[in-house]
Structures are given as structure tokens and as C-alpha cells.
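The values are calculated or read from the model by the stated rules, or taken from the named source; none is laboratory data. Being a predicted model, the structure only gives us computed values, none of them experimental. Neighbour counts run over all protein chains shown; Cβ positions are idealised from the backbone, glycine included.
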Amino acid sequence: MRLAPLKDPRLLLSWLLGVCLIAATFYGATSRLWTEAESARAASTEKTVVAALAGDLAEGNLFKLGATVLRLKREGQLRSARIFAIRDAAASVLFQTPEANGLDEALSRTFRCKERKRVARRSGGGVDVWTILPARISGFDCVALYFSSDLPPELDLFKSRLLASSGGLILVLIVLFSWLALSWHHRILNLELAASRMKVEKESAIEQIAAQVAHDIRSPLAALEIVSGAIAQLPEDKRILIRAAVGRIRDIANNLLDRRRARVAGAGSPSAASVAPEAASPRLLSSLIDPVVSEKRLQFRSHSRVDIEPRLDASSYGLFAAVQPVEFKRLLSNLVNNAVEAFGEGAGAVSVSLSAREGRALVSVQDNGKGIPPEVLAKLGRRGETHGKVGGSGLGLYHARSSAESWGGSLELSSEVGKGTTAILALPLAPAPGWFVPELLLAPGKAVVILDDDESIHQVWQGRLDALRAGAQGVPVVHVSTPDEIRDWVKNEAAAAREALYLFDYELLGHRETGLALAEELGLGERVVLVTSRYEESEVLEGCRRLRARMIPKGLAGFVPIRVQAAKAPPAAAPDEKGARLDAVLIDDDALVRMNWSMAAKREGKSFKTYADAASFLAELDAGAISTDTPVYIDSNLADGVKGEVVALEINRRGFKRIRLATGHDPSAFAPMPHILEVIGKEPPWGAT
């Protein structure tokens, strides 16, 4: 049997308590037995002595009385003796042996006739006995006898044997108890060890599988990265999707392998230090959230009864927090997965929103699923605690909460059974880096030059500038799509070029030159704002730092605040009643849907415009820019809780008759509406890309 468990304080405490209980029990039993033996010996001696002295005392012959006492002493019945008469509180000695001279007089004076008998154990062994003799002497209350007697040898032998047998039995019981205690303790330890081993094996198996998956996807990932480097001929939106997907796969694979290496290397070793996770740094949260939501919408596309709705709007623009990008995306991905899985086979909606309050960024993932009981909700976030997931390990929420706390934030869960669950990630806001554009400030008389190979991006900028009535406030807008076009404009409009604001794409389809290279070539420098999805790449960041250019993530072009400085509103021109007749207009707050429709329209050669919110579209109607016979497609659930059916009423009032509700909800969920032709799905009317 191993001795290691003896270090366990639980075993030591139980062993000590058991030994003390056994020892105390046997000590009490042995003391009781020995006391009874002494009492029996004292009673026997008393009986013999009293019987021998009674006759002599009755005769009143002190000489004969003394002779009898001495005889009893020689026979070993007595060690010393004293006979005294008691009257009131006084005692008169009638006879005593020489050895009784040292008797404590106080003990004799305290003995009274009514006490009849007193027995005291002597420290050196033996007993002292005070007893009343049957004889009486005139003038005294009683006659008392004191004698001291040694225990006989056979009683000493009995005592020795009693102590030896008791000690041996105690030892045997202690050994037996110790064996039982160790056996039970080992059994408990084995059970605890088995449970701990199962837990470690489960976590290790998860880590090994994750590491194996990460390792196995390295080869196809390398092939994807090679291919993604040669996609310059693809449209911008497809390039963004491919790069985002490949980058996320690479980040996940690297992170999984790094965690595995760190665990194997051990804390504190050089290997462990070399694979330490990336340090948290200020990151634009909306740019991290948007690709994860797009990925989740594609992932759960087959789960058509659950809508995943991003709630990113102008209020979420420019919110930075110090996080680790890979870990943040994993955290958000897990929260969305949990929300979708809460529906099972049912229908519902999951919304992801970003806002700010009291110096903290709030990332909210909300579902209208079944909800979580309060007693279960209190446990979630602890290691190993899960709910509603077959085979769930509980590590997702545990790591999410640990990551949030490591960034100085928190992860709070709230839920109501039957109504749904909300997870809120709160993070301290961080200052924006120098390259970021918090606001586009336009000035009357100074042109805005937009260089991009993607027509949909031109539409986004033009729609936003039209909503501001930038042209009416004296801000010219110039659209170019190729390096040669921007060169020609800068050359031909030299005076305007020196004061213009430039919104350049970084990557131009079919051209070697990048937006940064053109900015450097034309000497535009700090007047350039790079609008690109590659804003975090080191090469792009270094180029902007060198030229003092700034950047806007391309996915956030629809949200950046724009203001015209010292604008003077001229008299409004009469709107063109006819306006431009387009093949279709889409109003939808989902960037992925807008991109999908734009790609389909471009492929089919359709004239088409998209709007992220109803206000932008209505602003163009005010300007008479769109013909009333243009087909209008509008989502049912727009940002900030705006209902598309309500907006459609206003659009219909302005003369539009071909209005359709483009939503992911079942058409049967909507009552007939005279101002809406029909309810259709999210697929573009010309076919999806």
C-alpha cells in the first residue's frame, strides 16, 4: 500500500480521531477494572482487620490490641495503623504503629463518625482506609481505625497483565483501524483519481482532435492561400469573402497548434514562451464582428428557419477595444452557435449588435429561443457546465468568460424561459489608432474623388453623399475606376486636385497599381483615405504610415459619419418627377444580402441600387432621383427595429406601386397588405450568384 496518501490531511485527521477514540475507550475500561480490584482488596483487608480488632477493643485491653495490630502488620495485612476515638471535631489516638507517625493529621481530623468509611488511593501504590469499629468507649462518639495496606503481589501482577493485555489489544485495534482507514481512503482516492483522469482524458482528447484537425488542414490551407494570392481578376466582394475565409481558417489552425505546443512544452519553458498567444491590442470591433456574422449566415444557410441578423449601424462605427482578434472571433462564433442551437428544429431569430455605454463597448448576442432555467443559468460559464447540447463540454462559455475577463471586460448571461437568452460581452473602449478615420469632413468647393473598381461601392458613396445633399452644398463628386482615369483627372484638374479628398480602393481589379502606389505616384499623401478590406495587413499599414494616409474598412463605408463643413443650403431645386428608371432597388440592412443582389445584377447587366436604411432611399426620392415605376424590394426587419411594411406605406404614398417584401420569413406569417404586391425570399430576382 502506497504511503503517499498519508499526506492527505483528511486521512490524518480521521486516523488521529480513531486512535484517540480507541485509546480513550480502553483507558476508561482499564481504569474502571483496576479501581474495582483496589476497592475489593480494601474491603477484604478492612473486614479481616476489623474482625481481628473488635474483640480486643471490646475488652479494653490496649496491650492486647497493640499485639493484634502488630501481628496483622507482620502478616502483611497492614503497613501502618492508628486507632483513635472521635468526639465532636476532636480525635484522641488510642494506639498507633510507629509508621503512622507521619500520617497527615488533617486527614484524620476531617473524618467523622457518620462518614462510616473512607478509601484513598496512595500515590506510591496501595490504599489508605478509614473505618468505624463496632466497639464503643464511654465519652466518645465512635472509635475509628485508620490503616494503610500495600497491594498484594498477585494484584500487582494482575495490574501488569491488565496493562499489557490492554496495550496489546489497543495496538491490534489501531493497526486494524489504520488498515481499514487506508483501504477506504485509497478507494475514495481511486474514485477521485478515476474521475479526474476521465476529465483530463476528455480535455486531452478534445485538444488532440483539435490539434490533428489544425494539422490536417494545413496542406489544403496552403493551397488556398496560393490561390487567394492570384484572385486579382475576381470582383472585390468575392475577394473579400475568400480572403476573410482563408484568413479565419489560418488563424484558427495556428491558434489550435500554438495552444497544443504550449501545453506540451509546459509553463515557463522557452518553447512555451515562443508560442504565447497574441497580445491584446486595440481592434475595430465592427470589423471583427461583420465577417463572423457573414460566416455564420453561410454556415447555417441550411437552417432556413433561423435568421441571423447583424445590428451594425452608425452608432457602432469607430468602437475599438483591446482584444486578441482570433480569440474574439472564436468567442463570438461560439455565442452565435449557442444561440442557433437553442432553437433545435424550431424557428426564430438571432441578432448580433454593437453599441457603447459609459466607456464600454457592448457586444450583444440575443435569441428568442426557449430560454434557460435560472438554476442552470447560474452555473453556466463555469468549467464543465453546459446546457441543452448533447455531448457539450461546457468549455465554450468558460473560455469566453475567461477571455473577456483577461481583456478587462465581462460576459453576462440573462435569460427568461420561453422568451430567449441574451449574452452581453462588455469591454473597455480603447482609443482609435492614428490610421482610422472617425469622420469624413467635407468642405464646399473641394471635390470628393472616389477610385474603386466595384460599381456597388460607388453606389454606396453616392447614395450617402446624396442623402447629405453634398452636391447642393457645393461638394463636387468625381467617380473613377482605373489608374489611368485618376491620373488624367489629377493632370487635367490640377487646381481642384490639390484640395480634393480622395477615397481610394487599395486593390484595383485587373491593374498592377494599388491605391497606395497611386497616392505616392501622384503626390496625394495625407489627402488620401484608403477604403479597403485589407486595412490590418502590415504592408498596407506601413504604406499609410509612410504617406500619412488614413483608412476606412470597406465594410464600414456605409456607416462612417460624413459632415459638410460650413454648408449653406441653397434653395431646393424642383425635383425631377420622372427621375432615373432602374431595374430594381433593394432596401436591406444586411451587407451580405446587398452584396449578393449587387453581384447578381452586375452579372445580368441590370441597373440596380441598394440602400442600408430607408432614410437614404427616401432622401433620394426627395431629390427626384428615382422613377416611381422602379420595382422596390424591402426587407421586413430593418435596423433599429424599423419595419419594412411600415416604410412601404410611405413609399407607396409617393407613387411607387411595384413594392415587394424581400424577407426570410414565411410569407404566410404576413397578412394581406394592399400596398405590397407580394412577399418573396432573400434571393435576387435575377438569380443568386
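Kindly indicate whether any position in region 519-532 is part of a helix (DSSP H, G or I), more than 27 Å from Pro561 (Cβ to Cβ) and modelled with pLDDT of 90 or more.
yes
Which ones in region 487-508 are under 19 Å from Met551 (Cα atoms) and touching a Leu at 6+ places or on another chain (Cβ under 9 Å)?
Listed by number, the residues that qualify are Ala500, Leu501, Tyr502, Leu503, Phe504, Asp505, Tyr506, Leu508.
Checking the conditions here, which among Leu677, Leu661 is closer than 21 Å to Leu582 by Cβ and either aromatic (Phe, Trp, Tyr) or in contact with a Phe, Trp or Tyr (Cβ under 8 Å, 6 or more places away or on another chain) (or both)?
Leu661
Which strands (runs of 3 or more DSSP E) sit wholly inside region 406-499 and have at least 1 residues that are over 29 Å from Arg594 (Cα atoms), within 45 Å of the chain's Cα centre (by Cα) and at pLDDT below 90?
410-416
For region 112-122, indicate whether the set of residues that are acidic (Asp, Glu), assigned to a helix (DSSP H, G or I) and either at pLDDT 70 or above or farther than 20 Å from Val69 by Cα (or both) is non-empty.
Initially, region 112-122 is screened for residues acidic (Asp, Glu), giving 115.
From what is left, the residues that are assigned to a helix (DSSP H, G or I) are 115.
Within this subset, residues satisfying the condition of being either at pLDDT 70 or above or farther than 20 Å from Val69 by Cα (or both) are 115.
Within region 112-122 (the criterion being acidic (Asp, Glu), assigned to a helix (DSSP H, G or I) and either at pLDDT 70 or above or farther than 20 Å from Val69 by Cα (or both)), the answer is yes, since at least one residue qualifies.
Listed residues Glu645, Glu650; which is acidic (Asp, Glu), more than 22 Å from Pro310 (Cβ to Cβ) and not assigned by TED's automatic domain parsing to the domain that holds Gly348?
Just a single option satisfies the conditions, and that option is Glu650.
Is it true that Lys606 is modelled with pLDDT of 85 or more, surrounded by fewer than 18 Cβ atoms within 10 Å (Cβ to Cβ) and within 30 Å of Trp686 (Cβ to Cβ)?
Yes.
Tell me which helices (runs of 4 or more DSSP H) are completely within region 588-687 and hold 2 or more residues being β-branched (Val, Ile, Thr), or say none if there are none.
So the answer is 644-653.
Examine region 265-279 for a residue that is over 16 Å from Pro553 (Cα atoms), modelled with pLDDT under 80 and touching a Gly at 6+ places or on another chain (Cβ under 9 Å), and state whether such a residue exists.
Yes, some residue in region 265-279 is over 16 Å from Pro553 (Cα atoms), modelled with pLDDT under 80 and touching a Gly at 6+ places or on another chain (Cβ under 9 Å).
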